[in-house]
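Reviewing the structure listed below.
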Amino acid sequence: MSPDNSNRAQYSGLQQKDDQEYQEYLAFANSSSSGANNDDHHHQPDAEDEEAQLLTTEDYIEEFELDETHTTTTQKSNPGRLHHGSKSKSQLPNPFRRLLSFVSGSSHPERQTLTSFLFPKIQSLPRVTLEHLLPHQWQRTVLLTIGLTLWLTIFSLSLVHSKGTLLDGNGEVVRHLDCISTLWGPGNECGVDGERCKPFGNVSFAFRCPADCRQVKVLNPRWVGGEEVVYRPWVIGGGEVSADGSGTVTGTGTGTGADTGTGVYRGDSFICQAAMHAGVISDARGGCGVVSLVGEYYSFFPGRGGEDITSLGFDSHFPMSFTVHPALTGDGQCPQMEMKTARSLTPTILLTSLVSVLSTSATTLWFTSFVTIFIHVGLVSDPPNVDGPSDTIIPQLISILFERLLPATFVSAVLFWTCSRSTTLAAIPASANIEKTVLWLGALWIGALSNFTLESWIPLSRLSAHDLRSQPGAVLALVAILAIITVTVAYQAYSFWLERRALPYLALYSFILGGIVVGAIVSIAGVGTLELRIHHYVLALLLLPLTSIQTRPALVYQGLLLGLFINGIARWGFDSVIQTAEALRGGDGLFGTSLVPVVDGQPLVYLSSEVSELWCIAFKWKGINETLAALLPKVGEKGREEADRLQGVSVMVNDVERHRRFFAEEALEDQVFRWERDPKVVKTPEYFQFAFLGEDGRSMDYSGVGTWFGNGTWSSGPGFY
């Protein structure tokens, strides 16, 4: 059977009326067969059909053949066909010409095609049945419209139910939190003595948390007293003193809301994770609770609680603390978020699967899947972090969604036209529709839900030098990812070589590589200010051109990469590939500064005297020039540059800013910081850190921790000068 007849045989039993691309395919196959029988080599398919259809073997070889011998033969057999470029190639040295010919691809190109090898009649049965029931194109269009309308209705009802306005038992609007919502910001965001975060106690409010907050971790180093914490859940306290007096207890939270949640948490803990630790809500379903602020608290005990979250301990005092309790809202029920098994997930998967199985139109499948899955990710499965009264959440999410969806759809159209329309999806027959659904659409969903399917298995949160150095298993994960990408690229390159299409893609990726090199140079030239950042949506864009070939692996790669693109844009937006250090730092990242205030001698400790029963510790610092001299071997020229921009000094005590003074008010060497405590009340250690203030009044990186113990003795820890 000839290639054209085999192509027609793939559609045997189907009626002639079909989607536009289906009709184009049959028209092209018939015209190719007729031209072959008449030996008419001058016949060309219409421009609209040519790109989207399979080439005959003879035409295909003529299009991609760069070998000079073949060109001569073709010209003799078809003198009317001009082969431009033969003269320029003949001027090239023979070794270079042979190398160019080899790199371009096989001397006997083979078109990669996907035909069903498993129950083709069963795979084409849904399409055949649809054509039998709805023989006209406009009927199938109406059916698709009805399906989209039904999906949108179900999706909207589920969204309103899970994230719409919710009132508590007193008629107050419940506050919607995201996974990192907290009452006390990181570092010194709350200002001196926490003035910007008051009140500290006697306040309660109802809240609602999303699902899937257990896996959230702090990605930048933070201090809890004398311990530096990173890549862990941010829950401090919640345990109780155990029977043996060790200060720790294992929680029994179940997430059902039946637990009382009487543990006390430090005010800067993530509220939703604290609620899971207390057993008030679950990770799989989210839920509601009530936060009660209880003011200053001493000794936050660690412990393992609900959802297997192990909290951190803090053996000193903090001005704000809270407890978490179950809540009944409105008519006595709290709608569960259920992101992992959301009511909107099943209808979206069902809609996209039916479109894939019933349609042979690549355009319909691509854009229906892209838009519906993008909406699902942006509003349900991995939405941006939003926080506020529950009556404002949906408007915020919809606003962010359309801000990102419109430009993403344009990019998607370009990707479809260049990577899939004429190669990967368009020419797949109805007899392989189920395979297409499993391979392409299944991989698309895996990529779009990567926060559930991939991220929890890959110990690499961000592709940055800090994460590679600090995150356990990050280097091994990066090596494994690069190995997989290398093997995949090599296989795809070989497939293009078989089709004699390798040369254009070598040129394309040479250009891309040049752009990456330029970005790296810009990053190096702007040390400390600019950095090259390859986001996972950028990685998807870089690799998608390699999927423009009709093989089963290409279907999987294309679906997965498109899903990663959707997840990256819907969740984070179009972040730049060249970002400033400030943008990468985030709200709690380190500045990378090298200068910290240096204490002039040892701090002075005053214990109780006849004048006062209070204990006091006093710190005095060296001047800027003396500080530079003390740190010069370590900080180098960078320290000198930083010294010109310093404006003041800040002091943290127990992770709370307690002193802030500018050099314009008092020179550094003249400033003295005194801290008092009542030894009858405070019997726990207190932790001190110092930092300079920059030009904009923000504190730079704080020093290591010095500890004033409960017995009045002092100890300088690593990094404390």
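Points worth noting:
- Residue that is surrounded by the most Cβ atoms within 10 Å (Cβ to Cβ) [pool: residues in the stretch 277-332 that are of a type in the set (S, T, N, Q) and modelled with pLDDT of 90 or more]: SER311
- One residue alone among SER420, SER431, SER470 is touching a residue at least 60 places away in the same chain (Cβ under 8 Å), surrounded by fewer than 17 Cβ atoms within 10 Å (Cβ to Cβ) and assigned by TED's automatic domain parsing to the domain that holds GLN579, and that residue is SER470.
- Among the residues listed as LEU543, LEU539, LEU562, LEU530, the single one being modelled with pLDDT of 90 or more and over 22 Å from THR352 (Cα atoms): LEU543
- Listing of helices (runs of 4 or more DSSP H) fully contained in the stretch 524-624 that carry 3 or more residues being farther than 30 Å from THR424 by Cβ: 581-585
- Single condition SER608 does not satisfy, out of (1) in contact with a Pro (Cβ under 8 Å, 6 or more places away or on another chain); (2) closer than 30 Å to MET700 by Cβ; (3) exposed (fewer than 15 other Cβ atoms within 10 Å of the Cβ): (2)
- Any hit, the stretch 656-668, residues being surrounded by 16 or more Cβ atoms within 10 Å (Cβ to Cβ), assigned to a helix (DSSP H, G or I) and of a type outside the set (Val, Ile, Thr): yes
- Contact annotation: residue pairs with Cβ atoms under 6 Å, 6 or more positions apart or on different chains, pairing a residue in the stretch 287-301 that is among the β-branched types (Val, Ile, Thr) with a partner that is not in a strand (DSSP E or B), are VAL290/ALA327.
- Residue within the stretch 122-138 that is closer than 20 Å to LEU397 by Cα, in contact with a helix residue (DSSP H, G or I) (Cβ under 6 Å, 6 or more places away or on another chain) and in contact (Cβ under 8 Å) with a residue 24 or more places away in the chain present: no
- Matching option when the condition is modelled with pLDDT under 80 and either in contact with a helix residue (DSSP H, G or I) (Cβ under 6 Å, 6 or more places away or on another chain) or small (Gly, Ala, Ser) (or both), among ALA581, ALA618: ALA581
- Yes/no for PRO685 being under 41 Å from the mean Cα position of the chain (by Cα), loosely packed, with under 14 Cβ neighbours inside 10 Å and within 13 Å of GLY226 (Cβ to Cβ): no
- Conditions (1) modelled with pLDDT under 90; (2) assigned to a helix (DSSP H, G or I); (3) surrounded by 13 or more Cβ atoms within 10 Å (Cβ to Cβ): number failed by LEU441: (1)
- Of the residues examined, PHE692 is one that is part of a strand (DSSP E or B) and either at pLDDT below 90 or under 21 Å from ALA581 (Cα atoms) (or both).
- Hey, ARG196 within 30 Å of ARG661 (Cβ to Cβ) and free of Cβ contacts under 8 Å to residues at least 12 places away in the same chain or not: yes
- Filter result for the condition that a residue is surrounded by fewer than 19 Cβ atoms within 10 Å (Cβ to Cβ), at pLDDT 85 or above and not assigned by TED's automatic domain parsing to the domain that holds SER461, over GLY225, GLY191, GLY169, GLY237: GLY191
- Index of the failed condition, PHE155 passing every other in (1) among the hydrophobic types (A, V, I, L, M, F, W, C); (2) under 23 Å from ALA430 (Cα atoms); (3) surrounded by 14 or more Cβ atoms within 10 Å (Cβ to Cβ); (4) at pLDDT 85 or above: (2)
The values are calculated or read from the model by the stated rules, or taken from the named source; none is laboratory data. Note that the coordinates shown come from a computational prediction; the quantities given were computed from them, not determined experimentally. So basically every Cβ, Gly included, is an ideal-geometry build from the backbone, and we count neighbours across all protein chains shown.
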